[in-house]
Amino acid sequence: MSRSLRLTENQRDVIAHPAHAHGLADEISLVRDAAEISPIVTRVTIDLGGTPDAAEWAKPNTAIRIEVPALDDDTALVSRVYTVRRFEAPRTIEVDVVRHGHRTPMTAWLAGIRPGDSVRVIGPRTHLLPAHDGRPIELVADDSALAAVASILAAWPAGSRGRVRTTSRDDVVLAQLPPAPDVSVERIADVDAVEAPVGAVLWAAGERDAMRALRARCLAAGMDKADLRVFSYWKQGVSNSVIDAKRLDHFAALLKATGSTDGADDFDIDI
């Protein structure tokens, strides 16, 4: 059965636009393994199709899109964004999927996949990294962002000082974070408890409202926006399909108005 992504014409234009699609490979890849490594995380190992550019795929904090069947329509696909936890040349990636305790397109796909199954993977897209400029680096993450943190720590340069602060209670995933010189890991009860790390630079990712509030606290404390790399990975009570649609509509309006998405602020989008 042929399936396609559920998109409006404007949303398809955004995905096809060179500003969005530049440098992305779109390949049918193969699932090597899918293992529940902890009570809430499934680690999916995928052998990439095509001829992967190893130098690009090996960069830390690299994101991909995975297409999976929709829950309510046998003819439709949805896509989800994940960070590559680890790349092993020449073509193997690890992706950690956090299971939130309810049925989603991704958990339904996970329940049925087997080694050798095909999956469409679009990427790589490298996202912003913390600036290593001599100042301390504060990394703040919930469970959804620990794969990104793992990739960042694996490439951590000698001489940089940092601290990971996480709300995760996943002992397995936390124990597997790569050791990095001069970086400590601290568990926190809530992102709301994180004060603005004045004098440091911040990289943070997780639930949208918590990240928006954290960035606002930092700006109110006088931190420079350029020192704040804060990302929304999900939003409590809102499907990622809805989030994706709102982002694509926002980018479509920007492209129509300016011909570019440069300088777009994700937190300006009403989600």
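All C-alpha to C-alpha distances of region 114-188, sorted into 10 Å bins beginning at zero, yield P(r) values of 16, 45, 27, 10, 2 percent in whole numbers. Report the relative contact order of the chain, percent, no decimals, based on alpha-carbon pairs under 8 angstrom and at least 6 residues apart. For the chain, the relative contact order is 18 percent.
Return the whole-Å distance between the Cα centroid of region 130-186 and the Cα centroid of region 201-237. If we compute the Cα centre of each part, the gap is 16 Å.
Sum up the charges of everything whose Cβ sits under 13 Å from the Cβ of PRO197, counting Lys and Arg as +1 and Asp and Glu as -1, but leave PRO197 out. Result for the neighbourhood of PRO197: +2.
Dividing the Cα radius of gyration of region 58-165 by its Kirkwood radius returns 1.03 for Rg/Rh. Computed from phi, the 3J(HN,Hα) profile of region 58-74 under the Karplus parametrisation 6.51, -1.76, 1.60 (θ = phi - 60°) reads 7, 5, x, 6, 9, 9, 9, 10, 10, 9, 9, x, 5, 6, 10, 8, 5 Hz, with x in place of Gly and Pro.
The residues packed around ALA16, meaning those with a beta-carbon under 12 Å from its beta-carbon, carry a net charge of -2 if Lys and Arg are +1 and Asp and Glu are -1. Cross-link partners of LYS59 among lysines, defined as those whose alpha carbon lies under 29 angstrom from its own and excluding same-chain residues fewer than eight positions apart: LYS225, LYS235, LYS246.
Net charge near PRO69: determine it from the other residues with C-beta under 14 Å of the C-beta of PRO69, scoring Lys and Arg +1 and Asp and Glu -1.
Details: positive: ARG3, ARG6, ARG80, ARG103, ARG120; negative: GLU67, ASP72, ASP73, ASP74, ASP117.
Counting the neighbours of PRO69, the net charge comes to 0.
How large is the charge dipole for the chain, taken about the Cα centre, if only the Cβ atoms of Lys, Arg (+1) and Asp, Glu (-1) carry charge, to the nearest 20 debye? Write out the running numbers ahead of the final one.
Numbers: 32 positive and 39 negative charges, 26 e Å.
Result for the chain is approximately 120 debye, rounded to the nearest 20.
Karplus-based coupling profile of region 93-109, in residue order and whole Hz: 10, 10, 10, 9, 9, 7, 8, 8, x, 9, 6, 9, x, 6, 5, 5, 5, with θ = phi - 60° in 6.51 cos²θ - 1.76 cosθ + 1.60 and x standing for Gly or Pro.
Each reported figure results from applying straightforward, stated rules to the coordinates on display, with no laboratory input. Bear in mind that the values here come from a model prediction, so they are computed numbers and not experimental data. Every residue, glycine as well, gets a Cβ built from its backbone with ideal geometry; the counts of neighbours run over all protein chains shown.
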